[in-house]
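The values are calculated or read from the model by the stated rules, or taken from the named source; none is laboratory data. Because the structure is predicted, anything quoted here is derived from the model rather than measured. FYI the Cβ positions are ideal-geometry reconstructions off the backbone, even for glycines, and counts take in every protein chain you see. Calculation scope for accessible area: heavy atoms of the full protein, side chains included, ligands and nucleic acids excluded. Shrake-Rupley method; radii C 1.70, N 1.55, O 1.52, S 1.80 Å.
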Amino acid sequence: MEIKATEEAPLTKSAVVTAWQFVAAHPFVILFLLLFVRPLWRRYSSPLRQFPGPFIASCTRAWKVWSTWSGQTEQHHIALHKKYGSPVVRIAPNEVSFSNPEAAVELFKTGKGFHKTDFYGVFPPPENPDIFTETREAVHGVKKRYAATPYSLASMQQCTPRIEETEKLLISKLDEFADNNKICDFGDWLHFFAFDVLGEVAFSKKFGFLDAGVDVDRAIKTIDNSQWYNGIVGQVPWLDYLFRRNPLWNLIPFMSSKNALITKTALGQLQQRQGPEGEKVEYKDLLNSLIVAQKEHPEALGPGDVFAIAHGAIFAGSDSTASTMQSFFWYVLSNKRIYDKLVEEIMSANLSEMVMYNEAQNLPYFQACLKEAMRIAPAVGLNITRKVPPGGAEIDGVKLPEGTAVAVNGWVLHRNKSVFGDDAEVYRPERWLDDDKEKVKMMERCMFQFGGGSHVCIGRHLALLEMNKVIPELLRRYDIQLVNPGKKLDHHSSFFVVQWGLLTYMRLRGKA
Ligand code: HEM
């Protein structure tokens, strides 16, 4: 064997030299091969060639980069499935999108071996992945197990007093618009509220957006920019080594995120808890629960994990919750019949001074309106993507080779007419109150606003808790009207659907 190796070495060397000489002598031939032959080879040599889709998408990932860059990728995916009339569409040389919710059920089934793709590895911090960004399934499982209790509904309900304090602050700010009959950028205030609730729940400290009434330090904008970058570069993950993972990146002051408000708050709180004072205070928040879990299970969670998970919660939970509330209000306020029916239900219910989570569960029309908002406009606009395990797999009756990326998009899945009915594109809360319980059960099963399987959203209890409290509270207090009825919200899908333009008039009920 050794003799063979020494014999091969000069051969290999001369092959490399010859190849290099060829490249140097024929740069245009190489360029031609790279630009035309390779993409065509990727298109036609792959078993995925049987699926319809845009020609350019089957040759290069540039289509996905463009689609994400445009901020309208969920619309592109809806349009593709419509155009090709197919439940499977090829959206990249090695990627297909499914439109049938049954396919998503199979994709997310625990134990089927579909793993997160490298897309998620682009989301920071790469050196210490959190629950969302961790692509190693076994490591993810351990982190999620120990974070499950801190994120449970019971733990989140312990934060109720702090959520209510934040609600009261929001109300005091909205009252000013009502008192002065001023136009309110309600969408912005809901965004500030979602951030400040997370500050309280994660770190027992508001970030100060509600108090200031502005995007303090442009922190929200910074997160949106970062998510936009993640979404685009995540389509071609190796590009991250050229940009954010490039050590030169942090030398450009506005590219560094170390001093951003959210990160500063998280780091400050962590240091404070680890100091002598921290030991004395009984914090009932996410950071503290994670510190306790880390102390009890140091073999499973490192100190870096505590920071990454608590910090990651702000990124995963802010735009998502804000976007869902904005969609809810836009759809309800856009339809007088629905608005009146919902207000009547809320006003005739005997609700506590601050609406409680359990009380909101007993408002069936409100629950239907909320579910319908999450159906028609799920907060995640990009695809959720998984990789086919070694040996290949079958999804929804379609055989796929190993390594294929399989994408599902909530905006597409939730418009499936065979599940949600012929009017699937219409906002109609009544579909959730249908007498046919089996049909409703099937629709429930086909909802993916929180993802699914082992990666189902761990923060959903918090999101539902705060939305169930604050939304009925606001509808009970204010008669809300759109400034521009009929005008859709502007949006930009980075990972989440970031929306703006929800301008309203707020009028205190009972006041002439
Ligand atoms: C209405 C609000 C929310 C929506 C619609 C939502 C949606 C989602 C979705 C669709 C996923 C799956 C993503 C994927 O598999 O690629 C997810 C995962 C996740 N979400 Fe949420 N989310 C919301 C609120 C929150 C909140 C408030 C937090 C934290 C406090 C949070 C933390 C997370 C985390 C850590 C993951 C990763 C879970 C895992 O991979 O195991 N989310 N979310």
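From its DSSP helices (H runs of at least four residues, each -39,500 (n - 2.57)), the chain gives a residue-normalised ellipticity at 222 nm of -16500 deg cm²/dmol. Relative to the longest principal axis of the Cα atoms of the chain, the long axis of helix 286-296 makes an angle of roughly 60 degrees. The alpha carbon centroids of segment 43-86 and segment 196-224 are separated by 37 Å. His77 sits with roughly 0 Å² accessible to a 1.4 Å probe, with DNA, RNA and ligands left out of the calculation.
Provide, as a two-decimal number, the C-alpha radius of gyration of the chain over 2.2 N^0.38 Å, N being how many residues it has.
Ratio of Rg to 2.2 N^0.38 Å for the chain: 1.07.
A straight line joining the Cα centroids of segment 433-461 and segment 294-365 runs 16 Å.
Over segment 154-308, the pair-distance histogram of Cα-Cα distances with 10 Å bins from zero comes to 9, 29, 31, 23, 7, 1 percent, rounded to whole numbers.
Could you work out the equivalent-ellipsoid semi-axes for segment 254-375, taking the square root of 5 times each eigenvalue of the Cα gyration tensor, largest first, in whole Å?
Working from the Cα gyration tensor, I get semi-axes of 39, 19, 13 Å.
Probing with 1.4 Å while keeping every protein chain in the model, the per residue accessible area of the chain equals 47 Å².
Neighbours of Pro303, meaning other residues whose beta-carbon lies under 15 angstrom from its beta-carbon, give a summed charge of -2 when Lys and Arg score +1 and Asp and Glu score -1. By the Cα gyration tensor, segment 330-404 has an equivalent ellipsoid whose semi-axes, rounded to whole angstrom, run 42, 15, 10 from largest to smallest. Of Thr404, Thr160, Thr149, the residue with the largest accessible area leads and the full order is Thr149, Thr160, Thr404 (1.4 Å probe). Shape analysis of segment 340-466 yields a ratio of the Cα radius of gyration to the Kirkwood radius, Rg/Rh, of 1.05.
For the chain, the longest principal axis of the C-alpha atoms and the axis of helix 364-376 are separated by about 30°.
With the full set of protein chains in place, find how many percent of the accessible area of segment 51-508 is carbon and sulfur; take the probe as 1.4 Å.
C and S fraction of accessible area: 56 percent.
What is the angle, in °, between the Cα long axis of helix 137-151 and the longest principal axis of the Cα atoms in the chain? Nearest 10 is fine, range 0 to 90. Roughly 10 degrees between the two axes.
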